[in-house]
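Working notes for the structure below.
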Amino acid sequence: MMMLKWLNLSALVIVLDQLTKSFMVHWLELHQTVEVVPFFNFTLAHNYGAAFSFLASAGGWQRWFFVLLAVTISIVLTIWLKRLPAHAKLEATSLALILGGALGNVIDRLIYGYVIDFLDVYYGSYHWPAFNIADSAICIGAVLLILDSFRNKTEPQ
């Protein structure tokens, strides 16, 4: 039960994600771009699919599929987090980031039917797909989880 304190990090990710999305929706029009630096823009986009707009044009069923998938994964991550030993701080951080990001995007899908994206990284005319704070938390959490898998688990973190 002690490891559930990491849900505070998940909650922080959700709050930051939703606040930044709300700000961008009120500041920008859909597809409007504001240059920040020569390789980064704010560009408001709606993603009806998953990562890289996977299944974005699937006809609508994907909304509920991705909600169900994210909720199921969130339940699994919460159980995993609860069962972690107290010294597994990096693993707990990883899971909490992924959980917060997944739920941040679920909120969008439930309210709007799509995920709000606004971070646009590019080089020349090559743009990475737009993303958001929730996506960033998921990616950072996944990288940390992979790095943690290479650690010697007999040592306290």
### Query
So how do I140, I111 line up by other beta-carbon neighbours within 10 Å, fewest first?
I111, I140
### Query
So for V106, V143, V37, V115, fewest C-beta neighbours within 10 Å to most, what's the order?
V37, V143, V106, V115
### Task
Measure out, as a whole number of angstrom, how far apart the alpha-carbon centroids of the range 83-141 and the range 24-40 sit.
19
#### Entry: Burial ordering of R151, R83, R109, fewest other beta-carbon atoms within 10 Å first
R83, R151, R109
### Task
Taking the Cβ of I107 as the centre, find all other residues whose Cβ is under 10 Å away and add up their charges (Lys, Arg: +1; Asp, Glu: -1).
0
### Query
What longest range of the chain stays clear of loop-exposed chymotrypsin sites (Phe, Trp or Tyr not before Pro) (DSSP non-H/G/I/E/B, at most 15 other C-beta within 10 angstrom)?
55-149
## Note on the structure
Using alpha-carbon positions, the gyration tensor of the range 77-157 gives root eigenvalues a ≥ b ≥ c; with a/c under 1.5 called rounded, otherwise prolate if a/b exceeds b/c, else oblate, the class is oblate
### Task
Please give the calculated 222 nm ellipticity per residue for the chain, where each DSSP H segment of at least 4 residues contributes -39500 (n - 2.57) and the sum is spread over every residue; nearest 500 deg cm²/dmol?
-19000 deg cm²/dmol
### Summary
In debye to the nearest 20, the charge dipole size for the range 87-157, taken about the Cα centre with +1 at each Lys and Arg Cβ and -1 at each Asp and Glu Cβ, equals 200
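Readers should treat all values here as calculations from the given coordinates under stated rules, not as data from a laboratory. Worth saying up front: this structure is predicted, and the values here are computed from it rather than measured. Reconstructed Cβ throughout: ideal geometry from the backbone, glycine too, with neighbour counts over all protein chains shown.
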